[in-house]
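**Q** Can you keep this structure in mind? I'll have questions shortly.
The values are calculated or read from the model by the stated rules, or taken from the named source; none is laboratory data. If you're wondering where the values come from, they're calculated on a predicted model, not measured in any experiment. Positions of Cβ are generated from backbone atoms using ideal geometry, with glycine treated the same way; all protein chains shown enter the neighbour counts.
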Amino acid sequence: MKRSHLIKPILDQVYPVIDYGKGVYLFDKEGKKYLDGASGAVTANIGHGVPEIIEAMNEQAKKISFVYRSQFTSEAAEQLAKKIAALLPGQLNWCFFVNSGSEATETAMKMAIQYWQEKGIHTKTKVLSRWVSYHGITMGALSMSGHTSRRARFVPLLEDFPVIHPPYCYRCPYNLEAPSCSFLCAKELETVIQRIGPEHIAAFIAEPIIGAAGGAISPPEGYFQIIRQICDKYEILFIADEVMTGSGRTGRMLACEHWGVLPDIVTLGKGLGAGYAPIAVAVASDKVMEPILNGSKSIMSGHTLSANPQSCAISLAVLEYLEKHKIMRQVEEKGNYLKQQLEEMKDSYSFIGDVRGKGLLLGIEFVEDQHTKKPFPRKAFVTQRMVELAKEIGLIVYPSGSGIDGVNGDSIIISPPLTINEQELMELIQLIRDTFSAFSKSMN
Ligand code: PLP
């Protein structure tokens, strides 16, 4: 093997070299075609190689690619902030641009702490979260993440922010069923707040649908309304981490909109630049900004490439593309059809335990026994095998964790570009079937 100087996720693994992408497809240097059933990592929301975006990229490059945010602003950044404020519900009007989802959640955490400081309350510094969650890989974001394997090497350096169970109905921590469960998993938040003391808690952060850690675990109707009420009762900010679920992925700009719940701060990433640019954002509401505007007038965060004009122009073009082609409108219909097809596969493939998710963010949890829900043993590497089999066949799926600890379980996410057409959707369904059939064969 030719020596590579690039640190890849698994150092002794050979990765195909992608030559180009077109729509929902990727083509490697050997000429192999892949259907991108995961939008990479739930990112390429409008597909690959879209001419309008490439044009916007070029136009911006001709003007200016970089200005430093402490010295200048740019039309691209101003317009993107205006567009995001207009597209988001409620008073989510203030955009802080960064370059990755991790930076966005980290910024949201800092904004929340600063909000209380500017109000003269210096004790509210903790940010509570849930076990089985992922908010990013930087230390602050990882402190908030309930993701055992990603935390493991750094545990002594991390805060213990994950405190409550997720709304994981398939494996309810209370062995109950919604709605007769009275949403005990949401009410746990109140118990924990009382134990710690609300005077120490700045915010609660949650993914509306748990992605990387849980395989698209979506809450039952009513869950987030209770979370919002508890946050309000104890004067705790609610941060929605919509890095994966936002930007149209579930058919709305925010997944929170499905439940009529408004966060105080929201983070967007992944689909915001749709893979064309590294860009993410923490958006604060008027309420959060008010004491800062009346106080220090500056949020203590930022990166050299924050609000980079090139990234902002690309993201603006992505959002305009979504609007112009009315892409979000069709997401729920496509997602419902795909979900129903996956549900039907349960009869043919006994290792499909649960099918879940919303819009075009769907998860499949694999089990050794459909009736007892017994997970496969860790050493069977089911998720990894599924991803590899799919790739061999020419399909990209996204590996995710599952199980009540996010470790002892297997799941994948199916999240094709939102632009996928009917014929491509059929092809995707067939490729998933082919992958599952290959997995069945490999078990015999
Ligand atoms: N938040 C959520 C919900 C995510 O799914 C991710 C990434 O998977 C992140 C934050 C971190 O984003 P990034 O990998 O861009 O740093």
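**Q** Could you check, for region 206-220, whether at least one of its residues is away from the ligand (no atom under 16 Å from the Cβ) and either in contact with a Phe, Trp or Tyr (Cβ under 9 Å, 6 or more places away or on another chain) or modelled with pLDDT of 95 or more (or both)? Lay out the reasoning, then the answer.
**A** Initially, region 206-220 is screened for residues away from the ligand (no atom under 16 Å from the Cβ), giving 220.
From what is left, the residues that are either in contact with a Phe, Trp or Tyr (Cβ under 9 Å, 6 or more places away or on another chain) or modelled with pLDDT of 95 or more (or both) are 220.
Yes; the residues of region 206-220 include at least one that is away from the ligand (no atom under 16 Å from the Cβ) and either in contact with a Phe, Trp or Tyr (Cβ under 9 Å, 6 or more places away or on another chain) or modelled with pLDDT of 95 or more (or both).
**Q** Right, something else. Counting only residues that are touching a residue at least 60 places away in the same chain (Cβ under 8 Å) and surrounded by fewer than 17 Cβ atoms within 10 Å (Cβ to Cβ), which one in region 398-420 is farthest from Phe376 (Cα to Cα)?
**A** Residue satisfying both the conditions and the ranking: Asp405.
**Q** When you go through (1) of a type outside the set (Lys, Arg); (2) modelled with pLDDT under 95; (3) loosely packed, with under 15 Cβ neighbours inside 10 Å one by one for Gln194, which number turns out not to apply?
**A** Every condition holds for Gln194 apart from (2).
Rundown of residues vs (1) in the same structural domain as Asp354 (by the TED database); (2) closer than 30 Å to Lys63 by Cα; (3) of a type in the set (S, T, N, Q), yes/no style:
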site	(1), (2), (3)
Ala77	no, yes, no
Ala86	no, yes, no
Ala104	no, yes, no
Gln114	no, no, yes
Gly136	no, no, no
Arg153	no, no, no
Leu157	no, no, no
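**Q** Yes or no: Ala44 closer than 17 Å to Gln310 by Cα and at pLDDT 95 or above?
**A** On the way: closer than 17 Å to Gln310 by Cα: no; at pLDDT 95 or above: yes.
No, not satisfied.
**Q** Only helices (runs of 4 or more DSSP H) wholly contained in region 30-93 count here; list those with 2 or more residues that are in contact with a Cys (Cβ under 9 Å, 6 or more places away or on another chain). Give the steps one after another, and end with the answer.
**A** Working: elements: 39-42, 51-63, 75-87.
It comes to 75-87.
**Q** Let me ask something else. Inside region 243-289, can you point out the residues that are touching a helix residue (DSSP H, G or I) at 6+ places or on another chain (Cβ under 9 Å) and part of a strand (DSSP E or B)?
**A** The answer is Ile265, Val266, Thr267, Leu268, Ala280, Val281, Ala282, Val283, Ala284.
**Q** Find all pairs meeting these conditions: Cβ atoms under 9 angstrom apart; at least six residues apart or on different chains; first residue within region 428-444 and surrounded by 19 or more Cβ atoms within 10 Å (Cβ to Cβ); second residue among the acidic types (Asp, Glu).
**A** Thr435/Glu392
**Q** Same structure again: Taking into account only those residues within region 112-148 that are within 14 Å of the ligand (Cβ to nearest atom) and assigned to a strand (DSSP E or B), which is farthest from the chain's Cα centre (by Cα)?
**A** We begin by selecting, within region 112-148, every residue within 14 Å of the ligand (Cβ to nearest atom); these are 127, 129-130, 132-147.
Applying the additional criterion that residues be assigned to a strand (DSSP E or B) yields 127, 129-130.
On the way: Val127: 18, Ser129: 15, Arg130: 15 Å.
Looking at residues that are within 14 Å of the ligand (Cβ to nearest atom) and assigned to a strand (DSSP E or B), I get Val127.
**Q** Follow-up. For a quick check of your reading: which helices (runs of 4 or more DSSP H) sit entirely within region 290-408 and have at least 1 residues that are out of contact with any helix residue (DSSP H, G or I) (no Cβ under 6 Å at 6 or more places or on another chain) and under 24 Å from Thr148 (Cα atoms)?
**A** Helices (runs of 4 or more DSSP H) meeting the threshold: 382-393.
**Q** Quick one: what pairs do we get from region 189-204, first residue touching a residue at least 24 places away in the same chain (Cβ under 8 Å), second of a type in the set (Lys, Arg) and surrounded by 13 or more Cβ atoms within 10 Å (Cβ to Cβ), C-beta under 7 Å, 6+ apart or different chains?
**A** The qualifying pairs are Ile196/Lys126; Glu199/Lys124; His200/Lys124; His200/Lys126; Ile201/Lys124; Ile201/Lys126; Ala202/Lys124; Ala202/Lys126.
**Q** Just to be sure before I move on: is Ala104 in contact (Cβ under 8 Å) with a residue 12 or more places away in the chain, away from the ligand (no atom under 16 Å from the Cβ) and in a helix (DSSP H, G or I) in the structure I sent?
**A** Working: in contact (Cβ under 8 Å) with a residue 12 or more places away in the chain: yes; away from the ligand (no atom under 16 Å from the Cβ): no; in a helix (DSSP H, G or I): yes.
Criteria not met by Ala104.
**Q** Out of the residues in region 221-280 meeting the condition of being acidic (Asp, Glu) and crowded, with 24+ Cβ neighbours inside 10 Å, tell me which one is nearest to Ile420 (Cα to Cα). Walk me through it before giving the result.
**A** Just the residues of region 221-280 that are acidic (Asp, Glu), to begin with: 221, 232, 235, 241-242, 257, 264.
Restricting the remaining residues to those that are crowded, with 24+ Cβ neighbours inside 10 Å gives 241-242, 264.
Numbers: Asp241: 25, Glu242: 21, Asp264: 33 Å.
The extreme case among them is Glu242.
**Q** Additional query: Could you grab me the full set of residues in region 354-387 that are over 22 Å from the mean Cα position of the chain (by Cα) and within 18 Å of Ser218 (Cβ to Cβ)?
**A** We begin by selecting, within region 354-387, every residue over 22 Å from the mean Cα position of the chain (by Cα); these are 367-382, 385.
If the condition is that a residue be over 22 Å from the mean Cα position of the chain (by Cα) and within 18 Å of Ser218 (Cβ to Cβ), then Lys373 is the only one that fits.
**Q** On to the next question. Residue check: is Ser301 within 19 Å of Gly246 (Cα to Cα), assigned by the TED database to the domain that holds Lys83, polar (S, T, N, Q) and within 16 Å of the ligand (Cβ to nearest atom)?
**A** Considered against the rule, which asks whether it is within 19 Å of Gly246 (Cα to Cα), assigned by the TED database to the domain that holds Lys83, polar (S, T, N, Q) and within 16 Å of the ligand (Cβ to nearest atom), Ser301 comes out as no.
**Q** Of the residues that sit in region 37-56 and are of a type outside the set (A, V, I, L, M, F, W, C) and more than 16 Å from the ligand (Cβ to nearest atom), which one is surrounded by the most Cβ atoms within 10 Å (Cβ to Cβ)? Talk me through it step by step, then tell me what you get.
**A** Here is the first cut: in region 37-56, the ones of a type outside the set (A, V, I, L, M, F, W, C) are 37, 39-40, 43, 45, 47-49, 51-52, 55.
Among the residues that remain, those that are also more than 16 Å from the ligand (Cβ to nearest atom) are: 37, 47-49, 51-52, 55.
Values: Gly37: 28, Gly47: 24, His48: 23, Gly49: 14, Pro51: 7, Glu52: 14, Glu55: 11.
Checked region 37-56; the qualifying residue surrounded by the most Cβ atoms within 10 Å (Cβ to Cβ) is Gly37.
**Q** Right, another one. Under 8 Å between Cβ atoms, at least 6 apart or on separate chains: pull out the pairs that start in region 9-36 with a residue that is surrounded by 10 or more Cβ atoms within 10 Å (Cβ to Cβ) and modelled with pLDDT of 95 or more and end on any residue that is in a strand (DSSP E or B) and among the basic types (Lys, Arg).
**A** These pairs meet every condition: Tyr25/Lys33; Leu26/Lys33; Phe27/Lys33.
**Q** Arg151 passes all but one of (1) part of a helix (DSSP H, G or I); (2) closer than 14 Å to Phe204 by Cβ; (3) within 16 Å of the ligand (Cβ to nearest atom); (4) more than 16 Å from the chain's Cα centre (by Cα); which number fails?
**A** (2)
**Q** For region 239-261, what are the residues that are more than 15 Å from the ligand (Cβ to nearest atom) and either under 26 Å from Thr148 (Cβ atoms) or of a type in the set (A, V, I, L, M) (or both)?
**A** Once the filter is applied, which keeps residues that are more than 15 Å from the ligand (Cβ to nearest atom) and either under 26 Å from Thr148 (Cβ atoms) or of a type in the set (A, V, I, L, M) (or both), region 239-261 yields Met253, Val261.
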